[in-house]
Amino acid sequence: MVTVLNHPLITHKLALMRMETTGHKDFRENLDEIASLMAYEVCRDLPMEDVHITTPMGPCDTKMLKGEIILVPILRAGMGLVNGIMDLIPTAKVGFMGLYRDEETLEPVEYFAKFPKELPEGIVLVLDPMLATGGSAIAAVNKIKERGAKNIKMVCLVGAPEGVKAFEEAHPDVDLYLAALDDHLNEIGYIVPGLGDAGDRIYGTK
Ligand code: PRP
Ligand code: URA
């Protein structure tokens with residue numbers, strides 16, 4: 001299932017990020033804020049368990065989150081979504097999936113992977129601002145499934161229709177969340193209108 005979070009606050013902050021005049025400090029700050037807003041929606045159906053607690057007024061039957069939440073940013077740009085989500089889920093554990101996209105072939109190349117041991121039982125949120133061809137997200141989820149994860153959600157900022165289609169075909173069991181669905185990919189595999197190279201804009205490289 002694909003969910004596009006068409007929320008005015010998200011769309012406004014994303015417009016600021018898209019502007020070519022926005023520098024890396026403001027780009028990062030807006031990304032943090034959007035990540036928090038997205039987390040609120042992405043976590044809407046997280047599993048809960050019954051708990052019995054005591055308030056200052058007496059006993060209370062209520063619910064709390066059940067299970068470990070594991071964030072897996074796709075390096076580098078996925079790191080830009082971690083802090084904003086951690087603000088809402090401070091107990092989340094973090095794994096790392098190192099992938100870069102070969103600029104000629106547009107194929108993902110893996111260079112690092114490290115995950116918490118709870119990955120198979122955890123609720124795994126895979127993070128990457130950009131879903132262009134979908135190759136990186138598909139490869140990351142392949143790897144995470146190989147390591148035993150069963151409950152996975154893919155969280156991206158901007159998606160291209162081509163990437164959404166490819167991801168849904170490869171992983172129909174993984175819910176995909178986007179802040180915006182853009183128009184198309186250009187001839188060198190960049191999302192249009194998009195926001196340019198997310199990693200470079202977050203870290204001020206290039
Ligand atoms: C970008 C982006 C995604 C990937 C998307 O990363 O953050 O991981 O490209 O493209 P795809 O959907 O066609 O695979 P990049 O390879 O530029 O690495 P970086 O994050 O280190 O800059
Ligand atoms: N990676 C990016 O950072 N931006 C795009 O538009 C496509 C891939």
statement: Of the conditions (1) open to solvent by less than 10 Å² (accessible area, probe 1.4 Å); (2) farther than 18 Å from residue 105 by Cβ; (3) within 12 Å of ligand 1 (Cβ to nearest atom), the single one that residue 164 does not satisfy is (1)
query: Filter the stretch 1-32 for residues that are within 13 Å of the chain's Cα centre (by Cα) and not aliphatic (A, V, I, L, M); which is most open to solvent (accessible area, probe 1.4 Å)?
result: 32
message: Condition first: touching a helix residue (DSSP H, G or I) at 6+ places or on another chain (Cβ under 7 Å), within 18 Å of residue 200 (Cβ to Cβ) and either open to solvent by 50 Å² or more (accessible area, probe 1.4 Å) or among the aromatic types (Phe, Trp, Tyr) (or both). Now tell me which residues in the stretch 97-115 satisfy that.
response: 101
field: Every residue from the stretch 116-135 that is away from ligand 2 (no atom under 11 Å from the Cβ), farther than 19 Å from residue 202 by Cβ and either touching a helix residue (DSSP H, G or I) at 6+ places or on another chain (Cβ under 7 Å) or among the aliphatic types (A, V, I, L, M) (or both)
entry: 119, 123, 124
- prompt: Can you name every residue in the stretch 189-206 that is over 13 Å from residue 17 (Cα atoms), surrounded by fewer than 20 Cβ atoms within 10 Å (Cβ to Cβ) and either within 17 Å of the chain's Cα centre (by Cα) or without any contact (Cβ under 8 Å) to a residue 40 or more places away in the chain (or both)?
  reply: 192, 205, 206
- line: Among (1) farther than 16 Å from residue 108 by Cβ; (2) hydrophobic (A, V, I, L, M, F, W, C); (3) crowded, with 21+ Cβ neighbours inside 10 Å; (4) more than 12 Å from ligand 1 (Cβ to nearest atom), residue 144 falls short only on (1)
task: Please find, among 85, 138, the residue that is touching a residue at least 24 places away in the same chain (Cβ under 8 Å), away from ligand 2 (no atom under 13 Å from the Cβ), closer than 19 Å to residue 157 by Cβ and open to solvent by 10 Å² or more (accessible area, probe 1.4 Å).
output: 138
- request: Select from the stretch 1-22 the residues that are free of Cβ contacts under 8 Å to residues at least 60 places away in the same chain and hydrophobic (A, V, I, L, M, F, W, C) and write down the one among them that is farthest from residue 39 (Cα to Cα).
  value: 19
message: Every residue in the stretch 150-177 that is within 14 Å of ligand 2 (Cβ to nearest atom), within 18 Å of residue 84 (Cβ to Cβ) and of a type in the set (A, V, I, L, M), please.
response: 157, 158
task: Just name the residue that is farthest from the chain's Cα centre (by Cα) out of those in the stretch 33-56 that are assigned to a loop (DSSP other than H, G, I, E, B) and in contact (Cβ under 8 Å) with a residue 60 or more places away in the chain.
output: 47
query: Looking at 82, 42, which is the one that is modelled with pLDDT of 95 or more and closer than 13 Å to residue 129 by Cα?
result: 82
task: Scan the stretch 72-106 for residues that are outside any loop (DSSP other than H, G, I, E, B) and more than 15 Å from ligand 1 (Cβ to nearest atom) and jot them down.
output: 83, 84, 85, 86, 87, 88, 93, 94
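The values are calculated or read from the model by the stated rules, or taken from the named source; none is laboratory data. Everything numeric in this text was worked out from a predicted model, so none of it was measured. Please note: Cβ atoms are built from the backbone with ideal geometry, for glycine as well, and neighbour counts cover all protein chains shown. Quick note on the areas: whole protein, heavy atoms, side chains included, nothing else; ligands and nucleic acids left out. Shrake-Rupley method; radii C 1.70, N 1.55, O 1.52, S 1.80 Å.
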